[in-house]
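The values are calculated or read from the model by the stated rules, or taken from the named source; none is laboratory data. Quick caveat: nothing in here was measured; it's all calculated off a predicted structure. Cβ: placed from backbone, ideal geometry, glycine included. Neighbour counts: every protein chain shown. Remember, those area values only see protein heavy atoms, side chains included, never the ligands or the DNA or RNA. Shrake-Rupley method; radii C 1.70, N 1.55, O 1.52, S 1.80 Å.
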Amino acid sequence: TASSTSIFQSLGSTYHRVETLLSGETYTVQTQGTLAAVRGTKFGVKFDKKKSQTQVSVTEHIVKVSKVKHGFISGTTTITSDTEEFDVTEGKTAKVQESPSTTSGGVSPGKGGAISLTNTDDDKELKTWIEENKAKDVLLKEQEKQAKLDAEFNEEYRALLAKWGKKIAVGK
């Protein structure tokens, strides 16, 4: 059965490590004015309520970022044909303003729309935060590898104990 994970982030920073999802499964993170939908990736979300700005920084694969017109609505958000949305690729950050820019009516990245796309490396603070999370990814991978080796060892050890236990019982 297809599963769905939907997170509403009311403030602060989160970093998401999403394994590849099966067909029909969804994983979304929503702030007051933004929806980020993924299909197996790594990305960070920073929501600054004072600035009414969300940043979605992609560190692996692609995240679809949409401007949500009316904030969070009881776990269901309607994306309409006029909703501004972009596929944000690895190394890029989408900055989403809750209130669209009044200088231009366009919705193209960098053209005055509510979503602008930048290189993550262009923001020192954001780059540092992303690099810290990437370092944690390396540690998590090492721990997963060690846990797998430990499980394999324990399985082999139990098999040997079972085998030796039978020999001891027979030798009596």
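The table that follows gives values for the structure above.
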read-out	value
Number of the exception - Glu19 against (1) among the charged types (D, E, K, R); (2) surrounded by 18 or more Cβ atoms within 10 Å (Cβ to Cβ); (3) at pLDDT below 85	(2)
Contacts under 6 angstrom Cβ, first residue in region 6-29 being in contact (Cβ under 8 Å) with a residue 60 or more places away in the chain, partner surrounded by 13 or more Cβ atoms within 10 Å (Cβ to Cβ) and outside any loop (DSSP other than H, G, I, E, B), 6 or more apart	Ser6/Thr28; Phe8/Gln30; Ser13/Lys46; Tyr15/Gly44; Tyr15/Asn133; Arg17/Lys42
Where Thr26 falls short, out of the listed (1) touching a strand residue (DSSP E or B) at 6+ places or on another chain (Cβ under 7 Å); (2) farther than 28 Å from Glu132 by Cβ; (3) at pLDDT 80 or above	(2)
Every pair of residues 6+ apart whose Cβ atoms lie under 7 Å, when the first sits in region 122-141 and is at pLDDT 90 or above while the second is open to solvent by 70 Å² or more (accessible area, probe 1.4 Å) and in a helix (DSSP H, G or I)	Lys127/Asp121
Extreme residue, farthest from Lys92 (Cα to Cα), among residues of region 22-50 that are hydrophobic (A, V, I, L, M, F, W, C) and open to solvent by 30 Å² or more (accessible area, probe 1.4 Å)	Leu22
Residue check for Gly71: in a loop (DSSP other than H, G, I, E, B), exposed (fewer than 11 other Cβ atoms within 10 Å of the Cβ) and modelled with pLDDT under 90	no
Residue ID - farthest from the chain's Cα centre (by Cα), chosen from residues in region 74-106 that are at pLDDT 90 or above and outside any strand (DSSP E or B)	Gly91
